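Heads up: the structure comes next, in structure tokens.
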Amino acid sequence: MCTLPDKFPEFPGGVGEMLSFMQKNVRTSKENDGSQSKVYLSFIVTETGKIECLRIVNKTTQEYSIMDKDVLQEMAKMPNWIPAQCNGTNVAALYSLPITICLANQ
């Protein structure tokens with residue numbers, strides 16, 4: 001795994017497409033108290049673009065909440081990414097992604 005690649009991994013279609021994916025897929029209906037929550041995801045984008053080792057890194061407890069599980073489940077559905085490159089070769093790279101979730105009242 002490369003810690004500082006020449007080219008970082010990229011969601012297919014860029015940041016705009018990634019935001020669109022998250023808006024369409026990351027829905028949390030189980031805990032809906034009208035608040036906001038920020039979740040920091042960490043995952044590895046393999047040299048083939050596959051997402052592995054998806055986890056939440058800013059946890060203060062060992063257990064995942066229902067919202068955490070929902071986010072992880074939906075983000076695991078991401079399409080393959082464009083992998084990172086180091087010296088022109090595809091390499092695995094760690095990627096961190098902050099997500100702010102608005103929990104709307106129903």
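The values are calculated or read from the model by the stated rules, or taken from the named source; none is laboratory data. Just so it is clear, the model here is predicted, and its values are computed rather than measured. Glycine gets a Cβ as well: all are built from the backbone with ideal geometry, and neighbour counts include every protein chain shown. Side chains are part of the model used for accessible areas, which takes the heavy atoms of the whole protein and leaves out ligands, DNA and RNA. Shrake-Rupley method; radii C 1.70, N 1.55, O 1.52, S 1.80 Å.
Report the extension gain between residue 57 and residue 7 in nm, rounded to one decimal, defined as 0.36 nm multiplied by the number of residues separating them, less their alpha carbon distance.
Once the chain is fully extended between residue 57 and residue 7, it gains 15.7 nm.
Heavy atoms only, 1.4 Å probe, whole protein assembly: order 94, 41 by accessible area, highest first.
The most accessible residue leads, giving 94, 41.
What's the local net charge at residue 89, with K and R +1, D and E -1, over the other residues with C-beta under 11 Å away?
With Lys, Arg at +1 and Asp, Glu at -1, the neighbours total -1.
Measure off 7 Å from each Cα along the Cα-to-Cβ vector at residue 73 and residue 87, then give the distance between these two points in nanometres to one decimal.
Placing both labels 7 Å along Cα→Cβ, they lie 4.4 nm apart.
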